[in-house]
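Asker: So that we are looking at the same thing, I have put the structure below in structure tokens.
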Amino acid sequence: MKKPLLEFTGKGIYCSAADVYLDPWKPVDKAIITHGHADHSRWGHKHYITHLRNVPIISQRLGDINVTGKEWGETFTINNVKFSLHPAGHIIASSQIRVEHKGEVWVFTGDYKTENDGISTPYEVVKCHTFITECTFGLPAFKWTPQKEVFKDINQWWAENQAEKKTSVLFGYSLGKAQRLLKYLDTDIGKIYTHGAIENMTEVLRPQVDFPETTLITKDTKKEELLGNVVLAPPSAHGSPWIRKMVPYVTASASGWMTFRGARRRRAIDKGFVLSDHCDWDGLLESIKATGAEKIICTHGYSDIFSRYLREQGYDARTEETQYGEEEDTGSREAEVATALPTAGGAGA
Amino acid sequence: MSKQLKRVRQIARLNGRGRPHFARNDDTMKHFAQLIKTLDSTNKTNIKVQALADYFNIAGETDKVWTIAILSHRRPPRPVNTTLLREWASELANIPLWLFEESYHIVGDLAETIALVIPSNPSSTEKSLTQFLEEMIALKKKPDDEKKAYLYENWKVLDYYERFVFTKLITGSFRIGVSQKLMTRALAKATEIDEDILAYKLMGNWNPDKISFQELILEENESDYLSKPYPFYLAYAIESEVNDLGDVNDWSAEHKWDGIRSQIILRNDEIFVWSRGEELITDKYPEFHAFIGAIPNGTAIDGEILPYPKGEIGTFNDLQKRIGRKTVSKNLLKKVPVILKAYDLLEWEGDDIREMAFIERRKLLGKLFHSVAEPVPNPTQAAAKRAIETAVSSTAETSVSSAVEIPLHLSETIHFTSWEEAAKERGRSREVHSEGLMLKRKDSPYLVGRKKGDWWKWKVDPLTIDAVLTYAMRGHGRRSNLFTDYTFALWDNKENGEKELVTFAKAYSGLTDAEFRKVDNWIKKNTLERFGPVRSVTPHHVFEIAFEGIALSKRHKSGVATRFPRILRWRQDKKIGEANSLKDLKDMIV
């Protein structure tokens, strides 16, 4: 039997014809990387290939690595297999990977979302025969509200807290969500302060996107100057000694998981905003349809449920185990993860 | 009926009954949904109380009564069964039923799942909460197609949160961390009526469909003041050696009973049973009605409600069967009757005697107990006897003399002349189903709240067993990003002789933060399956689990219930084969 173009192995998604891995979770010689979240771009590969704009991101996180940058749609051939990167709209510089060999086309999405967030290059439909899709939010319970409305709520929340003389602490992953929040916070209300992990990543991205001004919180930052302003912090800061400086404060989290009432309460957060960098139910179904693919492989998320539904809709769909999306719902220690724990997960939801 | 007409009638109705309330009213379902949302979106008690108080200040009269009813679990009966709700919701959401069920399994709440899967709607409603509830009451008798039409109509026009609240009103109670106690506090804040009096007013059977806010809450009755309890005095656990407490002769000791701390008050031929959380629980324990007539008016007893199956003190597990039941069946009353183990007297002959020395109060309590134990016949008591016999459907054994069995026991004072002697009695605690000893300074008054110095808890050392970690769940608060809530299992033999692990307890405390992080990291890498927030893990780690008590239980898979299980230490030196068996655990039952 002919070997499939992409296989799911113990190290990651493998293209044997080119001897290259896509977002591998174990160290390999050659890795094509979709985006900068820790569960997709891990330590220890000899050679990284990724989008040009992702180069500074993964360099910041992984340090001194051997990396080659590519443009959107630029075809590069390895052992007669044609590869190209296409925007995934998940976070800044996130790609889908298109793989073509002997007329057969596969697309691996990494993580993606269909809504244009205004800072990531918008998701592009790539026609293919086999579509490897994430399904982090592959349940009909997930339906996103347009971000314009969510940001209206977020800014209103900030203004209300300010009226009560409280500091607004907003949690979001230091890569992706934090910048998306930053871009749309209303600076007419007040100043935007940042946690170190977010400040560092934002600095890396400033050449690519026009962000409002931020002030890094240091040990010299006075408690009084924070009052009424907003603080962007990674979820891991919740409950840490660092956050005590913000007293009196109100916390909020912006994530797709905030759809569930229980999720907010389990995390002991005051307010939840439903804002995700992944597709919702309809987004997944529409993109799958648009690719024209007949074979669908569902990776991380509610993959068993989602692939069963796809089969009922007439697709040849199955599930494959990967190590993506580990701890996406907490994204807990992503800042530390990137530097200290190369095998643990931590990505933006 | 038009909204306006309804309002006119409402006011007319109020005029007929008492003073009308012309405050600015907002009696829309929208307002109620907003209240629920606020209550649900904070963990802070003060904010909840304030939100409820604000609501009570501006909600319409009938909506207020309904809100009180809903938050005190007095919902109208469910008009549509959940099978139909699930079918209809998946139909309207245009998804297969199995997918709805899977979503429900993950979301964990039926009303929330329904609200989520049905396409969202920007519109809203002007109908009042009362109107919705009246419609729901009427709906119960309607044929299925009308029920379906009603649900569709409302599901389609309500926005997401209102749809959730609407469906919740149909399916069940709101779990939003609002106890009756908290609601009563808010009501007290809004009406400036004493909280204990409101607690009394809200007791018993009242029908939200028939009673007005005026009648239920505002009208003043002399009898309201009858029920007022004294604040409880709470003890701390002993911190050092008992010897440090000084002269042994200054102290009185008794067993520390493991039940519900309660205050029972008799005034004006009425009885009031209060729990430590200052909730009125009179209706839950009808046994104590036998006190009326047997115990004189103007008495307040501090003690412990204990289960008394088969004529002896049971375990807390027995009591669990009674806790949380609003109404008690005859069968349950027979199977798990309760008694009051009395240990203090706070009011006697109508006087507050809390300033008296403890031993003096105990003397009066002893006197009271003996007058009840050796009763002189009187007519009221005979009536009480008949009452209890009807309630308990005559469990009176022939071995009991004709004297009425009053469920009042005295918490015996332990006589000891040295701390060693006291320690010996403490060692016997498990045999008598107590948690250890209580030490009380003989000359101490009855204080308010938790105060150090005069009362000490001297608990027995816990039992321990080595168990295997099998499931893990995320923690709460600052631990919410770690897996810190664990389920533990013990070995058991299957019928075919194979060994299997059987779950026996959950625990979420006892490790250091560093240990929790280590275990958390291991769990994330060794997950077998995920069930919502819960993960099953490869059996690998052994932990020593400590617990206070143990009892046979039909409700637990292992057949055993443990009390206050917690992690004592991580036994990294042990392999799972060295963990204990279920038999080892059962052998601990005395």
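Asker: Run the numbers for B:Lys363 and B:Glu278: contour at 0.36 nm per residue of separation, minus the present Cα-Cα distance, in nm.
Answerer: Result: 28.0 nm gained on full extension.
Asker: To continue, here is another question. What is the mean number of Cβ atoms from other protein chains located within 10 Å of the Cβ atom of each residue in peptide A:256-268, rounded to a whole number?
Answerer: Mean inter-chain Cβ contacts per residue within 10 Å come to 5.
Asker: Same structure again: Name the residue, out of A:Asp39, A:Asp210, A:Asp316, whose mean-square fluctuation peaks in a Gaussian network model built on chain A with Cα pairs under 10 Å.
Answerer: Looking only at A:Asp39, A:Asp210, A:Asp316, the biggest GNM fluctuation is shown by A:Asp210.
Asker: Using a cut-off of 10 Å between beta-carbons, work out the net charge of the residues near B:Pro119 (Lys and Arg +1, Asp and Glu -1, B:Pro119 not included).
Answerer: Here the charged neighbours net out to +1.
Asker: Please sort B:192-200, B:245-253, B:54-62 by packing, taking for each peptide the average over its residues of neighbouring beta carbons within 10 angstrom, highest first.
Answerer: So the peptides B:192-200, B:245-253, B:54-62, ranked by packing, come out B:54-62, B:192-200, B:245-253.
Asker: Expressed in whole Å with the largest first, what are the equivalent ellipsoid semi-axes of chain A derived from the C-alpha gyration tensor as the square root of 5 times each eigenvalue?
Answerer: 36, 22, 17
Asker: Longest exposed-loop-site-free stretch of chain A, with trypsin sites (Lys or Arg not before Pro), DSSP loop and at most 11 other Cβ within 10 Å?
Answerer: Value returned for the longest uninterrupted segment is A:223-349.
Asker: Cα extents of region B:153-245 along the three principal axes, largest first, in whole Å?
Answerer: Here the Cα extents, ordered largest to smallest, are 72, 39, 23 Å.
Asker: So for the protein assembly as shown, what are the equivalent ellipsoid semi-axes in whole Å, largest first, each being the square root of 5 times an eigenvalue of the Cα gyration tensor?
Answerer: Ellipsoid half-lengths, sorted descending, are 57, 35, 27 Å.
Asker: So what is the relative contact order of chain A, in percent, for Cα pairs below 8 Å that sit 6 or more residues apart?
Answerer: Relative contact order for chain A comes out at 18 percent.
Asker: I need the calculated FRET efficiency for the pair A:Ser59 and B:Trp98, taking r as the beta carbon distance and R₀ as 35 Å, to the nearest 0.05.
Answerer: 0.15
Asker: Determine the sum of side-chain charges near A:Asn80: Lys and Arg each +1, Asp and Glu each -1, restricted to other residues whose C-beta is under 12 angstrom from that of A:Asn80.
Answerer: Net charge in that neighbourhood comes out at 0.
Asker: Another question, then. With viscosity set to 1.002 mPa s at 20 °C, what whole-number translational diffusion coefficient in µm²/s follows for region B:233-459 from Stokes-Einstein and a Kirkwood radius over Cα pairs?
Answerer: Taking Rh from Cα pairs, D becomes 117 µm²/s.
Asker: Output the antiparallel fraction of DSSP beta bridges having both residues in the protein assembly as shown, as a percent to the nearest 5.
Answerer: Of those bridges, close to 65 percent are antiparallel.
Asker: Given points 7 Å out from each Cα along the Cα-Cβ axis, report the B:Arg571 to A:Thr187 separation in nanometres with one decimal.
Answerer: Modelled inter-label distance: 6.1 nm.
Asker: So, one more: Round to a whole angstrom and tell me the spacing of the C-alpha centers of region A:105-142 and region B:194-236.
Answerer: 58 Å
Asker: Now for a separate question. For region A:147-273, what's the relative contact order in percent, using C-alpha pairs closer than 8 Å and at least 6 residues apart?
Answerer: Normalised by residue count, the contact order of region A:147-273 is 35 percent.
Asker: Using the Kirkwood formula over every pair of different C-alpha atoms, what hydrodynamic radius in Å results for region A:119-213?
Answerer: 15.8 Å
Asker: What nm value, rounded to one decimal, do you get for the distance between B:Met588 and B:Lys141 when each label is placed 7 Å out toward the C-beta?
Answerer: 5.7 nm
Asker: If a/c stays under 1.5 just call it rounded; otherwise compare a/b with b/c (prolate if a/b is bigger, oblate if not). Do that for region A:147-273, with a ≥ b ≥ c from the square roots of the Cα gyration tensor eigenvalues.
Answerer: Taking the square roots of the gyration eigenvalues as a ≥ b ≥ c, region A:147-273 is rounded.
Asker: Also, quick follow-up: Are there GluC sites (Glu not before Pro) in region B:235-313 that DSSP marks as loop and that have at most 11 other Cβ atoms within 10 Å, and which are they?
Answerer: Taking region B:235-313 and a limit of 11 other Cβ atoms within 10 Å, the loop GluC sites (Glu not before Pro) found are B:Glu239, B:Glu241, B:Glu312.
Asker: Going by a ≥ b ≥ c, the root eigenvalues of the Cα gyration tensor, does chain B fall in the rounded group (a/c under 1.5), the prolate group (a/b larger than b/c) or the oblate group?
Answerer: oblate
Asker: Testing the spin-label approximation: label points 7 Å from Cα along Cα→Cβ at B:Gln320 and B:Lys525. State their distance in nm.
Answerer: Here the modelled spin labels are 3.6 nm apart.
Asker: Rounded, prolate or oblate: which fits region B:463-586, taking a ≥ b ≥ c as square roots of the Cα gyration tensor eigenvalues, rounded meaning a/c under 1.5, else prolate when a/b beats b/c?
Answerer: prolate
Asker: Give me the distance between the Cα centres of region B:489-534 and region B:145-159, rounded to whole Å.
Answerer: That distance is 44 Å.
Asker: Kindly provide the trypsin sites (Lys or Arg not before Pro) of region B:408-507 that DSSP labels as loop, not H, G, I, E or B, and whose Cβ sees at most 12 other Cβ atoms within 10 Å.
Answerer: Passing sites in region B:408-507 are B:Lys452, B:Lys494.
Asker: If we count every other residue with Cβ under 12 angstrom of B:Val49's Cβ, Lys/Arg +1 and Asp/Glu -1, where does the sum land?
Answerer: Neighbour charge sum, excluding B:Val49 itself: +3.
Asker: Going Cα to Cα from A:Lys127, which aspartates and glutamates come in below 15 Å? Please leave out same-chain ones fewer than 8 positions away.
Answerer: A:Glu100, A:Glu104, A:Glu286, A:Glu294
Asker: For a quick check of your reading of the filter: which trypsin sites (Lys or Arg not before Pro) in region B:148-208 sit in a DSSP loop and have no more than 12 other Cβ atoms within 10 Å?
Answerer: For trypsin sites (Lys or Arg not before Pro) across region B:148-208 that sit outside H, G, I, E and B with at most 12 neighbouring Cβ atoms in 10 Å, the list reads B:Arg175.
Throughout, read-outs are computed from the coordinates displayed, never taken from laboratory work. Just so it is clear, the structure is predicted and the values come from calculations on it, not from any experiment. With ideal geometry, Cβ positions are generated from the backbone for all residues, glycine too; neighbour counts draw on all protein chains shown.
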